[in-house]
Amino acid sequence: MRPATQNSTDHEDRPRVSVVIIFLNAERYLAEAVESVFAQTYADWELLLVDDGSTDRSTEIAQQYARTHPRQLRYLEHERHANRGQSASRNAGMAHARGDYVALLDADDVWLPNKLERQLALFRAYPHATMVCGPSLYWTSWTGRTDDRDALAHPVGEPDRLIEPPALLRRWFAGERTIALPSNIVFRRRMTLRTGGFPEPFPSLFEDLAFMVKVFLHEPVFVANECWNRIRRHPDSCIARATPAEWNQAWFFFLNWFEEYLRERGLQSSEFWQPLQNELWPFRHPVLFRLSQLRSRLGRAARSNVNTPPPPEHR
């Protein structure tokens, strides 16, 4: 394992950026994620490796990194090496962060070398921004198979602009469903004191969306047009393993959380309340929803029959 590319700065006891990598049984990918942090052209960072109860070699890998680089890396775990989920693990990392900024990296993803340098430059150019995000590359070609093609996913919002709240949330409700992904974002640590971290408890799906909803609702975000990270697509990810029933259950959980979040803040009259109720209606009234779908299908069939000419023998 190689050392960092250069020394931190004169105030190494308080690094500028705290990088949080959470992991659970990620022995196949963890070292590559860590090495992509070491490869950064911006060197004023610390790295917090948060173990969410791993049972494979990833615990040993993380601890070895921490022993080898004690000035820049720290290994964290929950009490009794418990598995508490992604939200609790990210929050644990952020609670121990000492930097002015926080950057998240999932253990199966990687950063491009200029990520932190470019994002910190944008913070200097837009001091009012509390978060910087940009497009992410859905990375399928890492397998080496020629038929695996990568795709660029752009976050909601106009690129290369500082966007005031709640415009990004409004655009998301209007149908732009892609949000800024955790491995892409950098945000000011003090922002979490205002908005809170990742909601707990939360299933392993949509917890990042819940965090971004709070940010989009309250904070100015700079949306860049540069890609700085690769999101590894593989069959062992929680997204790939989720069944349709688990997706629906997690989406219902998120919608209920969002409703309670708005209610607690007296935002029932906001522009987001009614669209949220529309999303919740099929879950809360499944029989009526299925009947309405049936009526719609019958109506479309009837209209189709009216517009279809009769068979030749009846002309």
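Bear in mind these aren't lab numbers, they're just calculated from the coordinates by the rules spelled out. Here the structure is a predicted model, which is why all the values come from computation and not from measurement. In this analysis, Cβ positions are derived from the backbone assuming ideal geometry, glycine residues included, and neighbour counts consider all displayed protein chains.
The stretch between L291 and S269 holds 5.0 nm of extra length on full extension. This uses 0.36 nm per residue minus the Cα-Cα distance. Placing a label point 7 Å from the Cα of W281 along the Cα-to-Cβ direction, the residues of segment 163-201 whose backbone N falls under 19 Å of that point are 173-175.
Note down the magnitude of the dipole of segment 17-234 about its Cα centre, charges +1 on Lys and Arg C-beta and -1 on Asp and Glu C-beta and zero elsewhere, to the nearest 20 debye.
440 debye
Using the Cβ-Cβ distance between T41 and F252 with R0 set to 35 Å, the FRET efficiency from 1/(1 + (r/R0)^6) comes to roughly 0.20.
Relative to the longest principal axis of the Cα atoms of the chain, the long axis of helix 286-307 lies at roughly 50 degrees.
Annotation: the residues I61, I179, sorted from fewest to most other C-beta atoms within 10 Å of their own C-beta, follow the order I61, I179. What translational D, rounded to a whole number of µm²/s, comes out for the chain from Stokes-Einstein when the hydrodynamic radius is the Kirkwood one over Cα pairs, at 37 °C and 0.692 mPa s? Calculated translational D: 153 µm²/s.
Within the chain, antiparallel bridges make up roughly 35 percent of the DSSP beta bridges whose residues both belong there. By the helix-only formula, in which each DSSP H run with n ≥ 4 contributes -39500 (n - 2.57) and the sum is divided by residues, the chain has a 222 nm mean residue ellipticity of -12500 deg cm²/dmol.
Helix 273-284 and the long axis of the chain differ in direction by around 70°, with both axes built from C-alpha atoms. Cβ crowding within 10 Å ranks R98, R74, R84 as R98, R84, R74, fewest other Cβ atoms first. Which residue fluctuates most in the GNM of the chain (Cα springs below 10 Å): L193, L122, L105? Result: L193 has the largest fluctuation of those listed. With each label modelled as a point 7 angstrom along the Cα→C-beta vector, the H128-A95 pair spans 3.5 nm.
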